[in-house]
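The values are calculated or read from the model by the stated rules, or taken from the named source; none is laboratory data. The structure displayed is predicted, hence computed values, not measured ones. Positions of Cβ are backbone-derived with ideal geometry, glycine not excepted, and every protein chain shown enters the neighbour counts.
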Amino acid sequence: MKKLEKTYHENILNILKLYKDFGIDFHINQFQNETNKKLFKLTENNTIKKIHNTFIKANDICELENLFENFNGCNLKKTATNFVRFRGSENADLLFIDGTPDTEEDKIGKSFISLKGDLFEKMLNAIHLKYDDIFIINAIPWRPPGNRYPTEQEIKICRPFIFNLIMLLKPKIIVCLGEVPTNQILDLNQSITKTRGKWHSLKSDPIKNFDSDYNPYILPTLSISYLLNRPDMKRKAWEDMKLLRDKIREI
């Protein structure tokens with residue numbers, strides 16, 4: 001069906017080009033732009049599904065991690081120093097998803113170190129958690145050049161990896177630290193200030209292949225890197241941590 005749709009659009013474009021050659025002028029450029037957008041979207045969706053089909057072959061989290069570390073489909077791998085590896089207990093019911101690695105994390109391939117790690121550990125301890133109680137991954141495990149914000153394509157291309165890991169781990173609670181993992185997981189495109197502070201659910205998506213009865217609690221909150229630059233926002237983060245603490249007690 002997708003192949004027929006692509007062929008259809010290509011035929012339409014060829015006909016329009018022919019009309020244009022004969023001097024028939026009627027918003028051809030506008031139609032061509034819209035058609036190109038549809039073709040790009042179709043190609044992008046097919047690419048995402050191919051990536052998903054690659055990762056879904058993993059039998060366990062270790063194999064999935066190795067598959068992703070050796071994946072060459074994300075351009076950030078070419079400029080990053082290291083792939084930031086998974087952390088924590090594979091038996092954890094609580095998954096934390098960070099955004100992109102910072103400079104220090106990129107250097108050694110490990111998440112939450114130095115000042116960032118100190119603050120995160122304090123936040124965990126404040127609600128009686130420790131690293132052994134949780135599992136940690138990055139929404140994108142390679143640092144973007146200059147610590148820039150990742151592109152929409154970079155976020156999407158790593159998305160199947162995240163969902164396949166969730167399928168293997170099956171956490172009861174997912175905490176998204178910042179805008180990048182929040183928008184990646186919830187398929188949104190909005191500020192973290194609009195999504196933080198309340199619980200969310202996964203949307204229906206054919207690439208997830210979750211069990212119908214599996215529906216983890218998802219809590220977006222501010223990233224640790226953001227809190228280091230904006231200590232005045234720690235109060236908001238503490239409000240979210242209390243929500244997490246209460247949900248853990250509830251379930």
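Does region 180-188 contain at least one residue that is hydroxyl-bearing (Ser, Thr, Tyr) and without any contact (Cβ under 8 Å) to a residue 12 or more places away in the chain? Show your work before the answer.
Going through region 180-188, the residues hydroxyl-bearing (Ser, Thr, Tyr) turn out to be 182.
In the following step, the residues that additionally are without any contact (Cβ under 8 Å) to a residue 12 or more places away in the chain were identified as none.
Scanning region 180-188 turns up no residue that is hydroxyl-bearing (Ser, Thr, Tyr) and without any contact (Cβ under 8 Å) to a residue 12 or more places away in the chain.
With the checklist (1) surrounded by 13 or more Cβ atoms within 10 Å (Cβ to Cβ); (2) touching a residue at least 40 places away in the same chain (Cβ under 8 Å); (3) over 23 Å from Ile224 (Cβ atoms) in hand, flag the one item Glu63 doesn't pass.
Failed condition: (2).
Looking at this structure, is Leu165 crowded, with 19+ Cβ neighbours inside 10 Å and within 12 Å of the chain's Cα centre (by Cα)?
Details: crowded, with 19+ Cβ neighbours inside 10 Å: yes; within 12 Å of the chain's Cα centre (by Cα): yes.
When the stated conditions are applied, Leu165 passes them.
Can you tell me how many residues in region 175-204 are buried (at least 22 other Cβ atoms within 10 Å of the Cβ) and within 22 Å of Asp133 (Cα to Cα)?
Selection size over region 175-204: 7.
Here is a list: Asp187, Asp213, Asp240. Which entry is closer than 23 Å to Lys122 by Cα and out of contact with any His (no Cβ under 9 Å at 6 or more places or on another chain)?
Numbers: Asp187 fails: closer than 23 Å to Lys122 by Cα; Asp213 fails: closer than 23 Å to Lys122 by Cα.
Result: Asp240 is the single residue among Asp187, Asp213, Asp240 that is closer than 23 Å to Lys122 by Cα and out of contact with any His (no Cβ under 9 Å at 6 or more places or on another chain).
Identify, from the list Lys57, Lys156, Lys107, Lys77, the residue that is out of contact with any Pro (no Cβ under 8 Å at 6 or more places or on another chain), more than 19 Å from Leu244 (Cβ to Cβ), not assigned by TED's automatic domain parsing to the domain that holds Leu227 and not polar (S, T, N, Q). Give the steps one after another, and end with the answer.
Values: Lys156 fails: not assigned by TED's automatic domain parsing to the domain that holds Leu227; Lys107 fails: not assigned by TED's automatic domain parsing to the domain that holds Leu227; Lys77 fails: not assigned by TED's automatic domain parsing to the domain that holds Leu227.
The match here is Lys57.
Which residues, counting only those in region 91-110, are surrounded by fewer than 19 Cβ atoms within 10 Å (Cβ to Cβ) and either modelled with pLDDT under 95 or not hydrophobic (A, V, I, L, M, F, W, C) (or both)?
Scanning region 91-110 gives Asn91, Asp93, Thr103, Glu104, Lys107, Gly109, Lys110.
Right, Ile97: under 26 Å from Ile248 (Cβ atoms), assigned by TED's automatic domain parsing to the domain that holds Pro160 and in contact with a Cys (Cβ under 8 Å, 6 or more places away or on another chain) or not? Can you show your working first?
On the way: under 26 Å from Ile248 (Cβ atoms): yes; assigned by TED's automatic domain parsing to the domain that holds Pro160: yes; in contact with a Cys (Cβ under 8 Å, 6 or more places away or on another chain): yes.
Yes, satisfied.
Provide a single number: the residues in region 120-153 that are touching a Lys or Arg at 6+ places or on another chain (Cβ under 8 Å) and more than 22 Å from Gly109 (Cβ to Cβ).
Count: 2.
Return only the number of the condition from (1) in contact with a Cys (Cβ under 8 Å, 6 or more places away or on another chain); (2) surrounded by fewer than 21 Cβ atoms within 10 Å (Cβ to Cβ) that Lys122 does not satisfy.
Lys122 satisfies every listed condition except (1).
List, please: which pairs have Cβ atoms under 7 Å, are six or more places apart or on different chains, and start with a residue in region 110-121 that is touching a residue at least 24 places away in the same chain (Cβ under 8 Å) and end with one that is among the charged types (D, E, K, R) and assigned to a loop (DSSP other than H, G, I, E, B)?
That search, which allows pairs on different chains as well, returns Lys110/Arg85; Lys116/Asp102.
Within region 133-162, track down each residue that is under 11 Å from the mean Cα position of the chain (by Cα), of a type in the set (D, E, K, R) and over 26 Å from Asn59 (Cβ atoms).
Hits for region 133-162 are Glu152, Glu154.
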